[in-house]
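Coordinate-derived values only; no laboratory data. These numbers were taken from a predicted model, which means no experiment stands behind them. Here the Cβ is made from the backbone with ideal geometry for all residues, glycine too, and neighbour counts use every protein chain on show.
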Amino acid sequence: MRTCSRNSLLGVVGLGIVAAAGCKAERVATPSADAQAAGKLRVTLVSASTGGGAVAAASTGSGWGTLKGRFAFVGDPGTAKPLLADKDTEVCSKAGMKLLDRSLLVDPSSKGLANVVVFARKTTRVKEPLPENPTGASLVFDQKQCEFLSPVFAARVGQPIDVKNSDPIGHNTNVSGSDFNQLIPAGGSTTYVPKAETGMPTMVTCNVHPWMKAYMVFRKDGYVAVTAADGSFTIPDLPAGEPLEFQVWHERSTGPNGALGLDNADLKWTPKGRFQITLEPDQVKDIGTLEVPASAIGT
Amino acid sequence: MPHASMMRSAMHRHPVTIIAILGLCLLATGCGQTPPAYFRPNMVEATKQRLTPDQEKQVATVLLAMFGTPDEPVCMPETGLDEAKLRLAAGPVRSDIVGRKNGLYREHCAHCHGVTGDALGPTAAFLNPYPRDYRPGVFKFKSTERADKPTHTDLVRLLHNGVPGTSMPSFALLPSAQVEALAEYVKYLSIRGETELTLMRAFFELDDEAQGKLPETREFLVDETLTPIAEKWKAAADAQIQVPPMPADIDLVASIAKGKELFYGDKANCVKCHGVTGLGDGQANDYDDWNKAIVEIGKEISSGSAKARETSTSGMSPDELSEHRAQLAWIEKFGRVLDGDALEPRTIPPRNLRHGIYRGGRRPLDLYYRIHAGINGAPMPAAKGTVPPEEIWHIVNYIRSLPYELDGELGADKPMLAKDRF
């Protein structure tokens, strides 16, 4: 080896140059499709039958129950950062008032965590008549002093929402992933009727004032709650006598798609932020205080 | 190792020959060979959804079954796509048996829009604005309401006119059959890309019993996933915005004055983004939906890695430690995915209205559509609902007058440095 070191060095250098210059940029490797499986699958897909095996009949119970609970933050939430509100300052930062980041709102006395969303994933039936609004508040989505007044807003699909602008300046309300991005003139309003479920909550922004941010969540059955300032929530009139699965979300959660993962063996909490519960008819089930550790919340 | 020893002895005697042989080997095996074209998975979404390699493979397999390959596209009847048109547009550039040009997409489009329609073609990074990524199924310039798909005619018109002010050229010189085939192929890539996104997001929605595997049934894959996407495309033709015609006896001078009032007023509020000057210098640090998605992921990664850095691993249980390591590996992988599968995000400047260049078409009707419905994927909001049609026509007239406006220091008759004007 030693004797031919000069020549082999040349070769190595040559190889090195080719490797460095590269034939194509280094990209993350991707798995290739299984051609054989795809061929078989295509036969299934183009066949007229829905060939997928019988769908298990969902077990339905009777009566209605209520789910209650409370989220409390464990640890130091820190102080809310001021937002960079540098447009329309005569309205948006009146008298030097600073708009604050509201993504982690912890009640100082009760440690309650506000704006956690809890909703039923799949339900077999809905209690009639439908309540006016799942959250109990009137269905107005307002903005004032360059801030959305509801940081997290829940509604039933098809329920008309009065999108208002209480500012003396114009805003626009842009619900991402929806058909709604609408000018709202100063002091004006318009109606938005959500057409589809959101899955996890979707972001709402004002493009004129980019710091303005809120979330909306729409469910067909309306079984959705947003925790209040003290961290508490209540979902009434849930179908009883059948297993219900709930999804939990928080804006700053580190889980996938904002899912709030908790270490809670009693409720068999999953990393996807879900738990199951079966209610008895007329039962008001209180799942107590659920502790949210600082590690579940991102920066 | 007789071979190695022969090499060694040969090296003593003929060093030049050896280098020449090495060079030839490199030529034969290295850059020369082009692998067959393939659809690249949406790695940004796959990584965002933390899919496992098995799950990524399942999505690729389902897509292969439903859509075929770039060289041999197939489509499910539910898509309503014309496979003959797709075949004309797909594959490598070549002539078929009757001498007809095939492979139109790769000839005219793929270098910017990418073989996959992911806007990651080799030239994409050099363009401003970036080319359109078809996969989210969001299109800007069309005659339908904000969230609706463009009509086939919208796509054909866009191919015919190009997109003024961008790198997208006009394909008016192509025979109409070729433009038709390309429009169909864009729909195909978009439906494919949106199906892929939907499937990748569906893993999160799975129940735990599914054990991380999507059901490979016709009901789930076709009825629940593909059909709703295809239906939106089919519905576009009947979803055109009904535009009341501009009154024939309109007083244009008065209309322009009213339009100006609306432009600067709190009702239409155009001034906030398009600027007091109309040069597009108002609120200008926002992103469009395509870039915003990358910006948001970037924030998530940097906050995740900041948190991981300040987390002390001492005192962690083995479970916590492996979770911590998995999180670090995910952050590291996401960084590499963004390097290779995303372009550097750019802000979207509001249109400079003194140019007289309108990306979605310069007809008064085109401007009406933009103001009425807003621009899907862009910050531009819809005025419908709060601004009545006749007022939208006033704004259209004012905007059309802006490049020729004579009064004021930005008047078309005033000398001005190009850098200030554009």
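Structure summary
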| item | result |
| --- | --- |
| Within chain B, helix-based [θ] at 222 nm, where runs of 4 or more DSSP H residues each add -39,500 (n - 2.57), nearest 500 | -15000 deg cm²/dmol |
| 5 angstrom amide H check on A:TRP64, placed H, neighbours 5+ away | A:ALA240, A:ASP282 |
| Rounded to whole Hz, the Karplus (6.51, -1.76, 1.60) HN-Hα couplings of segment B:37-47, x for glycine and proline | 4, 9, 7, 7, x, 6, 5, 5, 5, 4, 6 |
| Distant alpha-carbon pairs in segment B:74-227 (separation over 23 angstrom), percent | 42 |
| Cα-based shape type of segment B:345-414, given that a ≥ b ≥ c are square roots of the gyration tensor eigenvalues and the cut on a/c is 1.5 | oblate |
| Lys, Arg +1 and Asp, Glu -1 on Cβ, resulting dipole of segment B:214-283 about Cα centre, debye, nearest 20 | 320 |
| Shape call, segment B:81-155: gyration tensor on alpha carbons, a/c limit 1.5 | oblate |
| Alpha carbon convex hull of the protein assembly as shown, volume per residue in cubic angstrom | 239 |
| Euclidean distance between Cα centres, segment B:366-414 to segment B:142-175, Å | 20 |
| Relative contact order [Cα under 8 Å, 6+ residues apart], segment B:237-358, whole percent | 34 |
| Average partner coverage of B:218-228, which counts Cβ from other chains inside 10 Å | 3 |
| Overall form of chain B per C-alpha gyration tensor (a/c, 1.5; a/b vs b/c) | prolate |
| Cut-off 10 Å between beta-carbons: net charge of the residues surrounding B:ASN102, Lys and Arg +1, Asp and Glu -1 | +3 |
| C-alpha center-to-center spacing [segment A:203-282, segment B:249-268] in angstrom | 47 |
| Protection-proxy order for peptides B:307-317, A:147-157, each taking the mean of Cβ atoms within 10 Å per residue, highest first | A:147-157, B:307-317 |
| Max mean-square fluctuation residue, GNM over chain B, Cα-Cα springs under 10 Å, options B:ALA177, B:ALA239, B:ALA306 | B:ALA306 |
| In Hz, Karplus ³J(HN,Hα) per residue of segment B:175-180 (6.51, -1.76, 1.60; θ = phi - 60°; x = Gly, Pro) | x, 4, 5, 6, 5, 4 |
| Computed label-point distance, nm, for sites A:ALA265 and B:ALA235 using a 7 Å Cα→Cβ extension | 4.9 |
| Across A:LYS68/A:LYS272; B:LYS142/B:LYS260; B:LYS57/B:LYS234; A:LYS213/B:LYS260, pairs whose alpha-carbon gap is larger than 23 Å | B:LYS142/B:LYS260; B:LYS57/B:LYS234; A:LYS213/B:LYS260 |
| Integer Hz, Karplus 6.51/-1.76/1.60 couplings in order for segment B:116-132, x for Gly and Pro | 8, x, 9, 6, 10, x, x, 8, 3, 5, 8, 9, 9, x, 5, x, 6 |
| Spatial separation of Cα centroids for segment A:153-170 and segment A:61-130, in angstrom | 17 |
| Under 5 Å, built H, 5+ apart or other chain: amide partners of A:ILE184 | A:HIS171, A:ASN172, A:THR173 |
| Residues with amide H under 5 Å from that of A:VAL157, placed H, sequence gap 5 or more | A:ARG219, A:LYS220, A:GLY222 |
